[in-house]
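A short write-up of the structure that comes next.
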Amino acid sequence: MYQIYWLINQKKTKTYIGFSNNLQKRLKEHRNKKVNSTKAFGVFSAYMIEEVNSLNKARVREKYWKSSAGRKKLKLCFQKIKNI
């Protein structure tokens, strides 16, 4: 099982979307600054977007969430959650 996740830094100026089959281990790597693309994030919040069964599906879904349409949809969803 693969999880697609979204990281948002504390200042809400940087975001990162990725996937992993071991989400806890991957988040630990991000927090310990072992991932080049998120080293400068500082403190961040992590949100799981969805789970998929295969590596191919994970890659396709990650690509969608990184697209303009996917990012717009994520922002809308999180704005709605904040307003509840």
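Among the residues of segment 30-84, how many are free of Cβ contacts under 8 Å to residues at least 24 places away in the same chain and touching an Asp or Glu at 6+ places or on another chain (Cβ under 8 Å)?
Matching residues across segment 30-84 total 1.
Test PHE78 against the stated conditions and say whether it is among the aromatic types (Phe, Trp, Tyr) and touching a helix residue (DSSP H, G or I) at 6+ places or on another chain (Cβ under 9 Å).
No: the conditions fail for PHE78.
Read the figures in this text as sums done on the coordinates, not as results from a lab. Quick caveat: nothing in here was measured; it's all calculated off a predicted structure. Because the Cβ atoms are built from the backbone with ideal geometry, glycine has one as well, and the counts that use them run over all protein chains shown.
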